[in-house]
Amino acid sequence: MAYRKTPAEIRRLEAVREHLITCATSVVAEVGWSQASVTAVADSAGIAAGSVYQHFPSKAALAVEVFRRAAGREVDVLGEVLNGPGSPVERLSHGIEVFARRALENRGLAYALLAAPAEPAVGAERLDFRRRYRALFAEVVREGMAAGLLPSQNGEITAAALTGAIGEVLVDPLGAPAESTTDELLAELTAMALRCAGAPAT
């Protein structure tokens, strides 16, 4: 008869797995993908390195899960803002500000998600999430056009431009000291994005 894990054992294994993901996320935020070794994660979690492989078949599998969880949270937050109250232009402006502010408040992790060198599996996830960001921006741009608040344009192209530009603008500041001029940067970034979408100056 095949061995079946008890509910208590399943809960324990799930708790250890979640703890590993949390610790790995902290390690990645501190040292980046390349130095976030299985040993470093295991040390942070207070377990033996070999135990990590009971939950993830490889370092790449753990890295992908870390990326999916962290990037997924950011996509969800942006989606809530872009689909929230206000006009499409107001939501676009607020969404960009919220996204950028969250990145600047957690610079190490944001840099890892946006630009830090990573193994191919993480790079593939990064491309997939860029598509998800583009879809969110494209929808709010289309709503802006339908409401007569934005000029006629190819919403997909504008969304791709916004996704790329926002990440590019943030890369260098994410490596700067936290006391740098965040408010000024956010204002300039938001203004740039609205110009890109063709929103009238206020």
Checklist outcome for this item: When the charge dipole of the stretch 59-197 is computed with +1 on Lys and Arg Cβ and -1 on Asp and Glu Cβ about the Cα centre, the Cα farthest towards its positive end, among G155, V81, A165, belongs to G155
Item to check | Nearest-10 value in Å² for the accessible area of Y111, using the 1.4 Å probe | outcome: 90 Å²
Checklist entry - Label points 7 Å out from Cα along the Cβ direction at H19 and E184: separation in nm? => result 4.6 nm
Checklist entry - Given +1 on the Cβ of Lys and Arg, -1 on the Cβ of Asp and Glu, and no further charges, what dipole in debye does the chain carry about its Cα centre, rounded to the nearest 20? => result 760 debye
Item to check | Cleavage-rule hits, GluC sites (Glu not before Pro), the stretch 131-202, DSSP coil, Cβ neighbours within 10 Å at most 10 | outcome: E179
Checklist entry - Rounded to a whole number, what % of the accessible area of the stretch 79-148 do carbon and sulfur atoms account for, probe 1.4 Å? => result 53 percent
Checklist entry - With the other protein chains left in place, how much accessible area per residue, in square angstrom, belongs to the chain at a 1.4 angstrom probe? => result 53 Å²
Checklist outcome for this item: A121 and A135 label points (each 7 Å along its Cα→Cβ direction) are spaced in nm at 2.3 nm
Next on the checklist: Helix 59-82 against the longest principal axis of the chain: what's the angle in degrees, Cα atoms only, rounded to the nearest 10?
Outcome noted: 30 degrees
Item to check | Modelled FRET efficiency - R0 25 Å, R11 with R73, Cβ distances, 0.05 increments | outcome: 0.60
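The values are calculated or read from the model by the stated rules, or taken from the named source; none is laboratory data. This is a predicted model, so every value here is computed, not measured. Please note: Cβ atoms are built from the backbone with ideal geometry, for glycine as well, and neighbour counts cover all protein chains shown. Side chains included, ligands, DNA and RNA excluded: accessible areas come from the protein's heavy atoms. Shrake-Rupley method; radii C 1.70, N 1.55, O 1.52, S 1.80 Å.
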